[in-house]
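The values are calculated or read from the model by the stated rules, or taken from the named source; none is laboratory data. Just so it is clear, the structure is predicted and the values come from calculations on it, not from any experiment. Positions of Cβ are generated from backbone atoms using ideal geometry, with glycine treated the same way; all protein chains shown enter the neighbour counts. All accessible areas refer to the heavy atoms of the entire protein, side chains included, with ligands and DNA or RNA removed. Shrake-Rupley method; radii C 1.70, N 1.55, O 1.52, S 1.80 Å.
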Amino acid sequence: MNFLESLKMAFANLLSYKMRSFLTMLGIIIGISAVILMSAIGAGAQEKIVGDLNKLGIGNFDVSIDTSIDNIKNRNRLQQKQVDMIKNISGVEAVAPTGTARQRVEMASGFRNFAIITGVIPASFNIENTQLLKGRYFNAEEYRKTGYFAIVDDVTVARIFGDESPLGKKITVRIRDLGNKDYVVVGVSKNPVASLSGIFGGNSPSFIQIPYQNYQYISKLDEKYYSGIKVKVSDPNELSQIMDVTTNVLNKEAQIDGLYQAVNSNTGLEQFNSILSMLSIFVSFVASVSLFVGGIGVMNIMLVSVTERIREIGLRKAIGAKNKDILLQFLIESIILTVSGGVIGILLGSISALLISNALGLVLIIKVSILLISIIVSTLIGVVFGVYPASKASKLNPIDALRVD
């Protein structure tokens, strides 16, 4: 018996028990579709989260002082002098002092949330890629230590004010050692990490920008000195080179090697991206466990099929069928079941991924490698879990088989 005849016979036998064949494939269908769905959603979520975070820091780096160095003179502390020096470096687009404080927003309405408060100057909005949705940026008169004005992210604004316009209204920030302070909302910005809360169902922190002078005041910092400096370069491809030039210029002026440090703002993002990749792989692996269960189901049904067709096997062997012919037929049946289940699983998983991605606002990412692996794994399951039943069928004694009622 050649391969084509075995293939035709295998299809005929499977089609004669349509419901049982479908139920046998169901475990494979669920397993493959789960892997496709989880990998696609994971990749889409990773792309969105990392993409949103990347916008905050691409082409940026932070300048700080190595605090482990003793006896740092005041003239070498970060201040306007260092900002002006960095501005004169070729390839630098914008420079601004930077500083963040972690406080809490506490409204009389009962709203409570952790807040990341950032002190800004006009150049900061360009560096941070602030997307202003409503209102305006700070005017010149508001850049003062008593300038209690704020630009608040849209997610926080929606949770506090609902559909009402927040412009001109106040939010209350609880500041350590100063108590509650009311800030007038002059603008609404896009929450930079809204994708995190949208995908995982959690609440993102509130992002509030305030005049840098006010940030220094509430943080009890010396008005003359800066806690850090953020730099944006014109060409992100030249980032490393400009970072080296910046530290060389500053350290040479201070005459202290290693005093000033430059750190890529995306350094932490690379680690975060790696964690997301590992998480996506782990979730896909968990989903693939159902494939093992589906494989056991295939083996079980094939063993039942062997038992039901003992007389058929005996008759075929009596008229000249060899062991390899019987082995090939049952193995083909097993592979057809698993590969068919794999194909249906790929289609079902892809459609589910498309619908869920659209609902979550994610980019649909289905890797060709995952599709190929799914087909290969489906085939291997058919071979691995079909070998034993097929081998058992091929070794039946034709005389004993013909005696079975």
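In a residue-by-residue description of segment 337-347, the property of being over 16 Å from Val35 (Cβ atoms) and touching a residue at least 40 places away in the same chain (Cβ under 8 Å) applies to at least one position.
Would you pick out the residues in segment 384-405 that are loosely packed, with under 14 Cβ neighbours inside 10 Å and modelled with pLDDT of 75 or more?
Lys395
Examine segment 152-164 for a residue that is of a type in the set (D, E, K, R), within 22 Å of Glu106 (Cβ to Cβ), open to solvent by 10 Å² or more (accessible area, probe 1.4 Å) and in contact with a Lys or Arg (Cβ under 7 Å, 6 or more places away or on another chain), and state whether such a residue exists. Among the residues of segment 152-164, at least one is of a type in the set (D, E, K, R), within 22 Å of Glu106 (Cβ to Cβ), open to solvent by 10 Å² or more (accessible area, probe 1.4 Å) and in contact with a Lys or Arg (Cβ under 7 Å, 6 or more places away or on another chain), which makes the answer yes.
On the given criteria, is Ser334 of a type in the set (Ser, Thr, Tyr), crowded, with 17+ Cβ neighbours inside 10 Å and over 13 Å from Leu37 (Cα atoms)? When the stated conditions are applied, Ser334 passes them. If you go through segment 337-363 and keep only what is surrounded by fewer than 16 Cβ atoms within 10 Å (Cβ to Cβ) and either among the hydrophobic types (A, V, I, L, M, F, W, C) or in a helix (DSSP H, G or I) (or both), you end up with Leu347, Ile351, Leu354, Leu355, Ile356, Asn358, Ala359, Leu360, Val363.
For segment 97-107, a residue qualifies if it is at pLDDT 85 or above, part of a loop (DSSP other than H, G, I, E, B) and of a type outside the set (Val, Ile, Thr), and exactly one does: Gly99. You will find that of Gly51, Gly110, the residue that is of a type outside the set (D, E, K, R), at positive phi and either surrounded by fewer than 20 Cβ atoms within 10 Å (Cβ to Cβ) or modelled with pLDDT of 80 or more (or both) is Gly110 and no other. Can you confirm whether Arg316 is buried (at least 17 other Cβ atoms within 10 Å of the Cβ), part of a helix (DSSP H, G or I), over 37 Å from the mean Cα position of the chain (by Cα) and basic (Lys, Arg)? Yes: the conditions hold for Arg316.
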